[in-house]
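Q: Let me give you the structure first, and then I'll get to my questions.
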Amino acid sequence: MEDEQIIKWYLERNEKALKETQNKYGSYCFGIAKNILTVREDAEECVNDTWHLSWNKIPPVIPVSLKAFLGKLVRDTAISQYRANHAKKRYRGMEMLFDELEECIPSDFDVEENFAHQQLAEWINNWLGELPKEDRVLFIKRYYYGDAVKKLAKVTGCTENQMAQRMLKLRKKLKMFLYGNGVSV
């Protein structure tokens with residue numbers, strides 16, 4: 001099923017849009033939610049919330065890329081759920097990722113609350129733009145989508161330890177880049 005047709009059904013308020021969205025992007029969205037939340041039931045609930053959000057947002061929004069649009073919706077929903085759960089001290093999902101990035105992010109920023117801070121995000125985007133494509137993709141898969149080091153290692157054909165070292169080197173490069181822009185950790 002083509003995304004253009006699915007979006008057309010959303011615009012026409014045809015419920016086929018939801019069915020086809022789930023068929024085409026259900027496992028993609030579930031993977032993102034599961035990486036962040038770690039609990040299957042919460043991830044499933046998050047994906048269902050994403051379908052509801054997509055129905056309410058299209059229209060007026062007409063996404064250029066349905067996959068990216070859904071990925072952002074599910075990620076934002078999962079992070080909100082994570083924060084609610086974390087306030088109850090139930091999960092550790094994203095906390096590990098934030099802990100890994102903590103050495104790169106300035107100490108005057110609260111990592112969970114200010115990671116998306118516009119200036120910092122702009123610097124990180126600039127840094128990502130300077131990386132080779134493979135490193136950029138790995139960094140985004142790890143720290144945006146929450147993919148496990150083990151999964152990334154398997155995809156690239158290296159050991160888990162080699163991938164962990166590669167991610168450490170990328171974080172060190174980010175730290176140096178931010179330091180070069182006057183951001184101290």
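The values are calculated or read from the model by the stated rules, or taken from the named source; none is laboratory data. This one's a predicted model, so the numbers in the text were calculated from it and none came from an experiment. With ideal geometry, Cβ positions are generated from the backbone for all residues, glycine too; neighbour counts draw on all protein chains shown. Heads up: the accessible areas ignore ligands, DNA and RNA and are worked out on the full protein's heavy atoms, side chains in. Shrake-Rupley method; radii C 1.70, N 1.55, O 1.52, S 1.80 Å.
Q: If you check every pair at least six apart or on different chains, which have Cβ atoms under 9 Å apart with a residue in segment 63-77 that is within 19 Å of Glu4 (Cβ to Cβ) first and a residue that is among the β-branched types (Val, Ile, Thr) and open to solvent by 10 Å² or more (accessible area, probe 1.4 Å) second?
A: Sorted first by the residue in segment 63-77, then by its partner, the pairs are Pro63/Ile7; Leu66/Ile7; Phe69/Val61.
Q: Identify the residue in segment 6-23 that is in contact with a helix residue (DSSP H, G or I) (Cβ under 7 Å, 6 or more places away or on another chain) and among the charged types (D, E, K, R) and, among all such residues, is surrounded by the fewest Cβ atoms within 10 Å (Cβ to Cβ).
A: Here the answer is Lys16.
Q: Need the failing condition index for Arg90 against (1) open to solvent by 50 Å² or more (accessible area, probe 1.4 Å); (2) within 21 Å of Ala68 (Cα to Cα); (3) at pLDDT below 75, just the number.
A: Of everything listed in (1) open to solvent by 50 Å² or more (accessible area, probe 1.4 Å); (2) within 21 Å of Ala68 (Cα to Cα); (3) at pLDDT below 75, Arg90 misses just condition (2).
Q: Considering segment 116-170 alone, what residues qualify as being among the hydrophobic types (A, V, I, L, M, F, W, C) and open to solvent by 70 Å² or more (accessible area, probe 1.4 Å)?
A: Hits for segment 116-170 are Ala116, Val155.
Q: Looking only at segment 120-138, count how many residues are in a helix (DSSP H, G or I) and within 19 Å of Val149 (Cβ to Cβ).
A: So the count comes out to 6.
Q: So which residues in segment 139-185 are in a loop (DSSP other than H, G, I, E, B), over 18 Å from Asp99 (Cβ atoms) and touching a residue at least 24 places away in the same chain (Cβ under 8 Å)?
A: Passing the criteria: Asn181, Val183, Ser184.
Q: Test Ile105 against the stated conditions and say whether it is modelled with pLDDT under 95 and within 16 Å of the chain's Cα centre (by Cα).
A: In short, no.
Q: State which residue pairs qualify: first residue surrounded by fewer than 17 Cβ atoms within 10 Å (Cβ to Cβ) and inside segment 38-51, second residue outside any loop (DSSP other than H, G, I, E, B) in any location, beta carbons under 8 Å apart, and separation of 6 or more residues or different chains.
A: Sorted first by the residue in segment 38-51, then by its partner, the pairs are Arg40/Lys34; Glu44/Phe30; Glu44/Ala33; Glu45/Gln81.
Q: OK, next. Within segment 72-87, which residues are of a type outside the set (Ser, Thr, Tyr) and either open to solvent by 10 Å² or more (accessible area, probe 1.4 Å) or at pLDDT 95 or above (or both)?
A: Lys72, Leu73, Val74, Arg75, Asp76, Ile79, Gln81, Arg83, Ala84, His86, Ala87
Q: Right, here's the next one. Looking at segment 1-58, which of its residues are under 11 Å from Thr77 (Cα atoms), of a type in the set (Val, Ile, Thr) and in contact with a Ser or Thr (Cβ under 8 Å, 6 or more places away or on another chain)?
A: Thr50
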